[in-house]
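Take a look at the structure below.
The values are calculated or read from the model by the stated rules, or taken from the named source; none is laboratory data. As the structure is a computational prediction, the values presented were derived from the model and not from experiment. Heads up, the Cβs are rebuilt from the backbone with ideal geometry, glycines too, and the neighbour counts pull from every protein chain shown.
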Amino acid sequence: MRYHIPIMFKRVPKETKVEILAKVKGGMSVAEAATQYGVSTGTIYAWLSNQVRPEITMLEYNRLKKENEELKRIIGIITLDLERGKKKGNH
């Protein structure tokens with residue numbers, strides 16, 4: 001007979017998370033850190049992958065969106081100028 005044992009999730013304090021990540025980046029294996037701190041290896045790998053993708057603020061997102069639109073506009077102008085130049089050269 002199998003029993004289902006509920007898994008208890010605990011919130012890891014930010015200071016502990018920072019400490020764990022520092023140790024792993026300093027050379028400690030993920031498995032060793034997981035055992036030492038009582039955290040799953042999957043959790044540590046998730047933290048590491050989240051650090052690779054920095055969060056972007058809404059302000060930064062809007063700035064980049066405007067910059068992207070402006071660059072597209074400039075590309076459009078340059079493309080039109082090139083097309084006009086080609087047409088003038090063919091006549």
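General observations
- Residues of segment 24-33 satisfying the condition of being modelled with pLDDT of 95 or more and assigned to a helix (DSSP H, G or I): Val30, Ala31, Glu32, Ala33
Residue-wise test of (1) outside the structural domain of Glu15 (by TED's automatic domain parsing); (2) aliphatic (A, V, I, L, M); (3) assigned to a helix (DSSP H, G or I); (4) more than 30 Å from Lys14 (Cβ to Cβ).
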site	(1), (2), (3), (4)
Thr35	no, no, yes, no
Tyr61	yes, no, yes, no
Glu69	yes, no, yes, yes
Arg73	yes, no, yes, yes
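- Looking only at segment 29-73, and only at residues there that are surrounded by fewer than 10 Cβ atoms within 10 Å (Cβ to Cβ) and among the β-branched types (Val, Ile, Thr), the one that is farthest from Val18 (Cα to Cα): Thr57
- Restricting attention to segment 42-89, the residues being among the hydroxyl-bearing types (Ser, Thr, Tyr) and at pLDDT 95 or above number 1.
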